[in-house]
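Here is the structure we will look at.
The values are calculated or read from the model by the stated rules, or taken from the named source; none is laboratory data. All figures in this text were calculated on a predicted structure; none of them were measured in a lab. Glycine also receives a Cβ, built like all others from the backbone with ideal geometry; neighbour counts cover every protein chain displayed. All accessible areas refer to the heavy atoms of the entire protein, side chains included, with ligands and DNA or RNA removed. Shrake-Rupley method; radii C 1.70, N 1.55, O 1.52, S 1.80 Å.
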Amino acid sequence: MNEKSENIKYRFLLGTHTMMFCVGFGYATSYLQNLQVPDGTIGFAISFFAVIGALFQLLLGRVADKSRRWNFKNLLILLAAVQLASSLALPFTASFSMLSLVLFGFVLIITYSMLPLLSSVSFFYASQNLRVDFGIARGIGSTAYGAISIIMGKTVTAFGTGCIPLFAAGTSLALLIESMLLPSPAKYRTVHSEDPLKTANVSDEGASNSFSGENAKLQSGRSGRETGISSPETRKIETSSPKTREKPLLLRYPAFTLMFLGLTVVMVFHNMNITYFVRIIEKTGGNSTSLGIALGIAAVMEIPTLFFYGKLSKKISSKTLLLISCLVFTMKALLFCIAGNVIAVYLIQGLSIGSFGLMAAAKVYYAHDTFEEKDVVTGQAFVSMTEALGMVMGSFFGGLIINASGINGVLWGGFAICAIGTALAAISLFCKQKKHSNANQ
């Protein structure tokens, strides 16, 4: 395999998948509203789809690790094909709102379910001593999200929401083709490199936050933490040690527990905001074009943080950066409450550089700065859960609130929720916790 060509494949795959998040989750409410699905039902439905997607993540991740036939490539091909079929069927079910809701649900569930398989792709490359530059891939993903959101916004304004399934079909087709071009893992044997840093380079700018698979087994000091990922093989080794009786992880790390709760609550606001963002746009006098521009601004503003996080993390601890991101989220929540026009919404979206963009980068580092080596994988799983839990609860509570008090209730309720999450994150910084050998706190 050629490292350069495989990096190009991986970047296109990750970028296209990120575009699918925009097509699906970014425009779900707009599409379903046009089918006369009530706002509250939309929130409950997205919450339900998120739960199913999370369960499928667990199942598919395990299947990809254990099965030779149903490896990440074959599963991605299958999922993309089903997603394409669902997208193509949507225009023919427009007069049946509940059937359209189910089919659109398939699109959302599959998009969410692909996440562990994309990680499996990076693990595979690492096992072959191929350096996958995740920072650049993530930056391309944010750029792709911004581009597709603006294009979709203008197209929906001109031709209506009926074109959304066509965007979903086109993106699904691209995912299908890109999945078919991936190498088949059954044809390759795992290669063990002598130097883990050869496959785990993180540049000063943070643009090379590379995955490193088996050879990224965490070391003491900074080099181990910067890899940010443990491979399936490493996890098997780490979990094969004899079981000892000890307190549950969340009780052994009280500061992490408070931060975990705080980040989850902030993600409740974030996902509540995303689900009903089209209502915020409408409230301030905007249309579908405005929605696309606003989503695009947020995505593009994340890119500098992804590229320069490496330098930033050398001066400020990950836990402090997480608190800063929570504070910026709270500022955004308050500003959305008082925004009077679309230009104000655009400016508020620019704060994504210090909210979601900063949080996404800092969360990976925080787990490795906090836990003993034997607990890192479990800790990282808890960190990843914050977005899943936030999506489920944000969509669910958003549906309840918008039914009871409309979009103003969602905005002010979101501000209150975000403030509570930020308070929990702040308290975690003052909570005493035993320092561990791999933590630089």
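Looking only at the range 142-156, decide whether some residue is closer than 15 Å to Leu306 by Cα and either among the aromatic types (Phe, Trp, Tyr) or modelled with pLDDT under 85 (or both). Looking for residues that are closer than 15 Å to Leu306 by Cα and either among the aromatic types (Phe, Trp, Tyr) or modelled with pLDDT under 85 (or both), one finds at least one in the range 142-156, hence yes. Listed here are the helices (runs of 4 or more DSSP H) enclosed by the range 293-388 that have at least 2 residues being open to solvent by 50 Å² or more (accessible area, probe 1.4 Å) and farther than 26 Å from Met19 by Cβ: 318-338. For the range 280-289, the set of residues classified as in contact with a Ser or Thr (Cβ under 8 Å, 6 or more places away or on another chain) and either of a type in the set (Phe, Trp, Tyr) or buried (at least 20 other Cβ atoms within 10 Å of the Cβ) (or both) consists of Ile281, Ser288, listed by residue number.
Considering only residues in the range 128-137 that are of a type outside the set (Val, Ile, Thr) and open to solvent by less than 10 Å² (accessible area, probe 1.4 Å), the one that is nearest to Gln83 (Cα to Cα) turns out to be Ala137. Scanning the range 54-63 for residues that are in contact (Cβ under 8 Å) with a residue 60 or more places away in the chain and open to solvent by less than 10 Å² (accessible area, probe 1.4 Å) turns up nothing. Taking the range 72-179 as the region of interest, the helices (runs of 4 or more DSSP H) fully inside it that hold 3 or more residues being over 22 Å from Ala299 (Cβ atoms) and touching a residue at least 40 places away in the same chain (Cβ under 8 Å) are 72-89, 97-113, 115-127. Checked against the criterion of being among the aromatic types (Phe, Trp, Tyr), out of contact with any His (no Cβ under 7 Å at 6 or more places or on another chain), modelled with pLDDT of 50 or more and not in a helix (DSSP H, G or I), the range 247-259 has at least one qualifying residue.
The set of residues from the range 26-38 being open to solvent by 30 Å² or more (accessible area, probe 1.4 Å) and part of a helix (DSSP H, G or I) comprises Gln33, Asn34. Out of the residues in the range 101-112 that are surrounded by fewer than 23 Cβ atoms within 10 Å (Cβ to Cβ) and touching a Leu at 6+ places or on another chain (Cβ under 9 Å), state the one that is modelled with the highest pLDDT. Selected residue: Leu103.
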